[in-house]
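> Following this message is one structure expressed as structure tokens.
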Amino acid sequence: MHVVGFCGASGAGKTTLIEGVIAALRAAGQRVSVIKHTHKDFEIDQPGKDSHRHREAGAFEVLLANPQRMALVRTLESPVEVDPHGLLAELAPCDWALVEGFRHADLLKIEVWRSVVDRPAAYPDDPFIVAVATDDPARLPVPTQRPVFSLDDAAGVAAYLLQQAARHRYQPELHRCARA
């Protein structure tokens with residue numbers, strides 16, 4: 001599996017860029033998974049449905065499945081800081097895992113930076129950021145030697161990832177050693 005993160009301020013365009021990268025990687029015959037980090041509560045189940053009722057009754061995990069799709073809802077008993085490496089271990093085999101969020105993670109990342117979003121760029125100080133995608137390369141706050149892509153160039157980002165695939169090969173044993 002190859003892994004790349006996408007970080008940036010809310011509203012910068014991460015999800016839109018990732019959608020395009022998914023489509024371009026799929027067109028290149030790649031199997032793609034996504035991990036999305038959020039600070040907000042979320043609900044994927046519907047009140048009144050059996051699976052929601054099971055969870056409300058106290059089930060630790062509820063797995064919904066049909067012939068085309070499945071979803072696992074795990075209720076954490078107390079708030080924990082989720083670890084992207086633990087989440088990557090939960091994924092089925094794939095060619096690429098795209099990780100949205102986790103801006104402080106020790107994963108190679110592409111920063112999505114928009115000139116109108118009032119948040120400083122992370123790429124000058126984060127050695128894990130390998131490229132920048134932006135709406136206005138001329139307005140980047142600090143010059144960079146990293147590749148710079150237009151936010152509209154998802155195909156270019158995907159081509160870059162495929163070209164740099166060896167660099168993005170995920171080696172979980174390295175992360176286990178670093179955290180031990």
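The values are calculated or read from the model by the stated rules, or taken from the named source; none is laboratory data. The model shown is predicted, which means the values in this text are computed figures rather than measured ones. Cβ: placed from backbone, ideal geometry, glycine included. Neighbour counts: every protein chain shown.
> Is it true that ARG26 is surrounded by fewer than 18 Cβ atoms within 10 Å (Cβ to Cβ), assigned by the TED database to the domain that holds VAL112, more than 30 Å from PRO120 (Cα to Cα) and of a type in the set (D, E, K, R)?
yes
> What's the total number of residues in the range 133-155 that are under 19 Å from the mean Cα position of the chain (by Cα) and assigned to a helix (DSSP H, G or I)?
Number of matching residues: 2.
Quick grid of which residues meet (1) under 18 Å from the mean Cα position of the chain (by Cα); (2) in contact (Cβ under 8 Å) with a residue 40 or more places away in the chain:
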position	(1), (2)
ASP125	no, no
ALA158	yes, yes
LEU161	yes, yes
GLN164	yes, no
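> Among (1) of a type in the set (S, T, N, Q); (2) in the same structural domain as GLY156 (by the TED database); (3) surrounded by 13 or more Cβ atoms within 10 Å (Cβ to Cβ), there is one condition SER51 misses while meeting the rest; what is its number?
(2)
> Of the numbered conditions (1) assigned to a loop (DSSP other than H, G, I, E, B); (2) assigned by the TED database to the domain that holds GLU77; (3) touching a residue at least 12 places away in the same chain (Cβ under 8 Å), ALA9 satisfies every one except a single condition; which is it?
(2)
> Test ASP126 against the criterion of being surrounded by 14 or more Cβ atoms within 10 Å (Cβ to Cβ), out of contact with any strand residue (DSSP E or B) (no Cβ under 6 Å at 6 or more places or on another chain), farther than 23 Å from GLU19 by Cα and of a type outside the set (Ser, Thr, Tyr), and give yes or no.
On the way: surrounded by 14 or more Cβ atoms within 10 Å (Cβ to Cβ): yes; out of contact with any strand residue (DSSP E or B) (no Cβ under 6 Å at 6 or more places or on another chain): yes; farther than 23 Å from GLU19 by Cα: yes; of a type outside the set (Ser, Thr, Tyr): yes.
So ASP126 fits the description; yes.
> Determine whether the range 20-36 contains at least one residue that is in contact (Cβ under 8 Å) with a residue 24 or more places away in the chain, over 12 Å from GLU100 (Cβ atoms) and among the β-branched types (Val, Ile, Thr).
yes
> Pairs, please: C-beta under 7 Å, at least 6 apart or cross-chain, first residue under 15 Å from GLN164 (Cβ atoms) and in the range 103-114, second part of a loop (DSSP other than H, G, I, E, B)?
LEU107/PHE128; LEU108/PHE128; LYS109/PHE128
> Specify the residue that is nearest to GLU90 (Cα to Cα); the eligible residues are those in the range 20-74 that are at pLDDT 95 or above and charged (D, E, K, R).
The residue in question is ARG31.
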